[in-house]
1. Just to be sure I understand, how many residues within segment 15-49 are at pLDDT below 85, open to solvent by 80 Å² or more (accessible area, probe 1.4 Å) and assigned to a strand (DSSP E or B)?
2. Anything in segment 57-103 that is under 19 Å from Val22 (Cβ atoms), part of a loop (DSSP other than H, G, I, E, B) and touching a Gly at 6+ places or on another chain (Cβ under 9 Å)? List them, or say none.
Amino acid sequence: MSQFDNVSVIKKANVYFDGKCVSHTVVFADGTKKSVGVILPATLTFNTGAPEIMETVAGACRYRIAGGEWQTCAAGESFRVPGNSSFEIEVTGEPYHYVCHFG
């Protein structure tokens, strides 16, 4: 629990690391949730229950949602993932830095 001027800011924080992806997820007191992370060169599959917006901060990736067509997403761009689906991210060059907005 983090506090700033006696106001609860963070309700929960989790760290995920699997050797190719590191992600820091924070759940704020108002219930909103965001992840900040980096993916090293790899192709990874993710499953999501809630809708997500993947905002590319640095680097680039290719992605496809639920086995669809591959699309490209570069720095400053984002893509939407519907809830209850899977998506793949392929990183081939520099590490891919992202912010994930849930909901």
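1. Of the residues in segment 15-49, 3 are at pLDDT below 85, open to solvent by 80 Å² or more (accessible area, probe 1.4 Å) and assigned to a strand (DSSP E or B).
2. Listed by number, the residues that qualify are Gly59, Ala75, Gly93, Glu94, Pro95.
The values are calculated or read from the model by the stated rules, or taken from the named source; none is laboratory data. Owing to the predicted nature of the structure, the values given are computational and were not obtained by experimental measurement. When we count neighbours, we look across all protein chains shown, and the Cβ atoms used for this are built from the backbone with ideal geometry, even at glycine. For the accessible areas, the whole protein counts, side chains as well, though only heavy atoms, and no ligand, DNA or RNA atoms are used. Shrake-Rupley method; radii C 1.70, N 1.55, O 1.52, S 1.80 Å.
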